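So the structure is just underneath, and the comments pick up after that.
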Amino acid sequence: MRILIVGTLLFPILAVAQSQPKPCARFSFNNNDSSDEITKHKAEFHTVRFVADRFGNENHAAFLTGNPTSYIALGNFKELKSTEGSISLWVKIEHPVMAGNGTPYNPILVAHCNSSQDFNEAYAIYFMVYTKKILATCSMDSLNERGMYSKDPIELDQWKHIVMVYTNDTTELYIDGKFETSFSKKFKTAFLNDEPVFVGKTNNPKNDRWLTGAVDDIEFFPYPLGQSEITALYNAPNPSQTIILRNRILTGVAIALILLAVYLFIRYRVKRSFEKQRKQLEQDNLIVSTELRVNRALMNPHFVFNALNALQNLILNNKNDKANDYLVKFSKMIRKLLESNMSDLISIDLETELLNRYLEIENLRFEENIIFKISVDPSIQGSNVYVPVMMVQPFVENAIWHGLLKKKGEKLLDIYFEKIENKYILCTID
């Protein structure tokens with residue numbers, strides 16, 4: 001018997017989203033809203049219009065026009081002025097603003113630490129007009145200022161993600177989720193008390209500059225972000241809840257359909273495999289059964305023919321008593337053979353009885369005085385253990401014809417049934 005075992009393990013592909021870090025203040029500007037989504041403080045908009053964000057959602061980003069009257073004052077509350085923290089924002093520079101006074105840096109985000117005209121940024125992020133690089137800086141006074149530059153110029157009119165991380169010891173700059181540079185800081189960040197954080201304005205008469213471009217999703221964190229958190233911010237999904245919901249539904253339906261299709265396909269293949277295996281087993285069993293019946297049909301007439309010839313010779317030689325004895329034994333054996341042919345299996349008890357009668361008949365026929373012994377292992381219950389019909393008799397017949405009949409002297413035949421590993425029956429013909 002062949003047994004087919006089919007095991008199928010289906011691992012759904014699950015999208016594991018990166019956990020988003022939690023800001024203490026966040027300005028998304030969605031639907032023209034000026035509020036911080038966390039604290040509900042409202043920013044002040046000055047000559048600001050609203051445009052599409054990086055996902056194409058209309059009125060989800062603030063656009064500044066590059067003049068003194070166009071800027072945003074985010075507010076003057078503690079969540080925007082952590083002594084150690086991180087700032088994340090998206091910006092799309094439309095073009096450099098050449099107008100203005102002082103250093104040619106277009107301000108993206110500025111918070112002051114003192115009221116002087118120089119070295120006054122508690123933290124600041126600038127777009128450098130001539131090199132088109134991003135500058136992030138922290139300062140306390142003329143002796144304590146740190147500036148970090150992006151490695152390469154940024155593309156104009158393209159959304160860029162900027163993260164500035166500052167602690168008492170270091171400052172770091174990330175662009176589009178990738179680390180750019182860092183500097184040793186070694187001073188504590190302080191803030192000017194009565195001034196808000198500005199977007200698009202330096203608020204410095206000596207260095208008076210502005211920004212032309214869009215800003216979005218300005219977030220403040222009261223701790224330094226790590227690389228994985230910055231990557232999660234860069235890969236943040238579309239903030240439009242409607243789009244997110246629709247995409248989740250579509251994604252869920254698509255995954256369900258895929259899983260259903262995979263399940264039905266695997267079920268069909270397994271069912272087809274089992275059906276094919278079943279038909280093959282039935283065919284193999286039919287072939288084996290047919291072969292066994294053919295072999296039995298061939299062997300029984302062969303044995304009967306030889307036995308009748310032997311009986312005829314005894315009668316012709318006037319050995320009537322021996323012929324009568326032979327005929328009685330032969331008839332009993334024929335009856336047992338006919339009974340056994342009604343099934344494919346035969347118990348070991350009946351098999352040993354048939355073998356005994358067969359050997360008695362062969363002894364009478366050849367007058368060879370073969371000494372035979374048929375033994376069964378005591379652990380075998382002969383009435384409950386079955387073997388195929390006519391499986392042993394041909395081997396015994398060969399042992400007589402091709403072994404003992406040509407042997408001179410004592411002729412011994414030993415047939416032994418034993419159990420092997422509690423799984424097999426071993427028949428030894430010696």
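The values are calculated or read from the model by the stated rules, or taken from the named source; none is laboratory data. Here the structure is a predicted model, which is why all the values come from computation and not from measurement. Cβ: placed from backbone, ideal geometry, glycine included. Neighbour counts: every protein chain shown. Heads up: the accessible areas ignore ligands, DNA and RNA and are worked out on the full protein's heavy atoms, side chains in. Shrake-Rupley method; radii C 1.70, N 1.55, O 1.52, S 1.80 Å.
Quick grid of which residues meet (1) in a helix (DSSP H, G or I); (2) under 60 Å from the mean Cα position of the chain (by Cα); (3) not β-branched (Val, Ile, Thr):
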| site | (1), (2), (3) |
| --- | --- |
| Met391 | no, yes, yes |
| Pro394 | yes, yes, yes |
| Glu397 | yes, no, yes |
| His402 | yes, no, yes |
| Gly409 | no, no, yes |
| Ile415 | no, yes, no |
| Asn422 | no, yes, yes |
| Leu426 | no, yes, yes |
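Could you tell me whether the range 263-278 includes any residue that is of a type outside the set (Lys, Arg), over 21 Å from the mean Cα position of the chain (by Cα) and in a loop (DSSP other than H, G, I, E, B)?
No, the range 263-278 contains no residue that is of a type outside the set (Lys, Arg), over 21 Å from the mean Cα position of the chain (by Cα) and in a loop (DSSP other than H, G, I, E, B).
Taking the range 40-75 only, how many residues are more than 45 Å from the chain's Cα centre (by Cα), of a type in the set (S, T, N, Q) and open to solvent by less than 60 Å² (accessible area, probe 1.4 Å)?
3
Please verify whether the range 60-71 includes one or more residues that are under 16 Å from Lys160 (Cα atoms) and not aliphatic (A, V, I, L, M).
Looking through the range 60-71, at least one residue is under 16 Å from Lys160 (Cα atoms) and not aliphatic (A, V, I, L, M).
Can you work out which of the residues in the range 314-340 that are modelled with pLDDT of 70 or more and among the small types (Gly, Ala, Ser) is farthest from the chain's Cα centre (by Cα)?
Result: Ala323.
Are there strands (runs of 3 or more DSSP E) fully within the range 76-190 with at least 3 residues that are buried (at least 16 other Cβ atoms within 10 Å of the Cβ) and in contact with a strand residue (DSSP E or B) (Cβ under 9 Å, 6 or more places away or on another chain)? List them. Working first, answer last.
Details: elements: 85-93, 105-112, 121-128, 134-141, 144-149, 160-166, 170-175, 178-184.
Output list reads 85-93, 105-112, 121-128, 134-141, 144-149, 160-166, 170-175.
Just wondering, is there one or more residues in the range 302-313 that are at pLDDT 80 or above and either surrounded by 14 or more Cβ atoms within 10 Å (Cβ to Cβ) or touching a strand residue (DSSP E or B) at 6+ places or on another chain (Cβ under 9 Å) (or both)?
Taking every residue of the range 302-313 in turn, none turns out to be at pLDDT 80 or above and either surrounded by 14 or more Cβ atoms within 10 Å (Cβ to Cβ) or touching a strand residue (DSSP E or B) at 6+ places or on another chain (Cβ under 9 Å) (or both).
Being among the hydrophobic types (A, V, I, L, M, F, W, C) and under 29 Å from Glu44 (Cβ atoms) narrows it down to one residue among Leu156, Leu143; which is it?
Just one listed residue meets the conditions, Leu156.
Right, Leu412: of a type in the set (A, V, I, L, M, F, W, C), within 24 Å of Tyr326 (Cβ to Cβ), surrounded by fewer than 14 Cβ atoms within 10 Å (Cβ to Cβ) and at pLDDT 80 or above or not?
Yes.
Looking only at the range 313-337, count how many residues are more than 20 Å from Thr352 (Cβ to Cβ) and either touching a residue at least 12 places away in the same chain (Cβ under 8 Å) or part of a helix (DSSP H, G or I) (or both).
Residues that pass the stated criteria total 12.
Looking at Asp208 and the list (1) out of contact with any Gly (no Cβ under 6 Å at 6 or more places or on another chain); (2) of a type in the set (Asp, Glu); (3) surrounded by fewer than 20 Cβ atoms within 10 Å (Cβ to Cβ), which single condition is not satisfied?
Of the numbered conditions (1) out of contact with any Gly (no Cβ under 6 Å at 6 or more places or on another chain); (2) of a type in the set (Asp, Glu); (3) surrounded by fewer than 20 Cβ atoms within 10 Å (Cβ to Cβ), the odd one out for Asp208 is (1).
Within the set of pairs 6+ apart or on separate chains, which have a first residue in the range 381-405 that is more than 16 Å from Val288 (Cβ to Cβ) and open to solvent by 80 Å² or more (accessible area, probe 1.4 Å), a second that is part of a strand (DSSP E or B) and modelled with pLDDT under 85, and C-beta atoms under 9 Å apart?
none
Spot the failing condition for Leu354; the list is (1) touching an Asp or Glu at 6+ places or on another chain (Cβ under 6 Å); (2) surrounded by 13 or more Cβ atoms within 10 Å (Cβ to Cβ), and only one is missed.
(1)
Given Ser375, Ser347, Ser343, which one is over 57 Å from the mean Cα position of the chain (by Cα), open to solvent by less than 60 Å² (accessible area, probe 1.4 Å) and more than 30 Å from Asp321 (Cβ to Cβ)? Give the derivation first.
Working: Ser347 fails: over 57 Å from the mean Cα position of the chain (by Cα); Ser343 fails: over 57 Å from the mean Cα position of the chain (by Cα).
Being over 57 Å from the mean Cα position of the chain (by Cα), open to solvent by less than 60 Å² (accessible area, probe 1.4 Å) and more than 30 Å from Asp321 (Cβ to Cβ) holds for just one of Ser375, Ser347, Ser343, which is Ser375.
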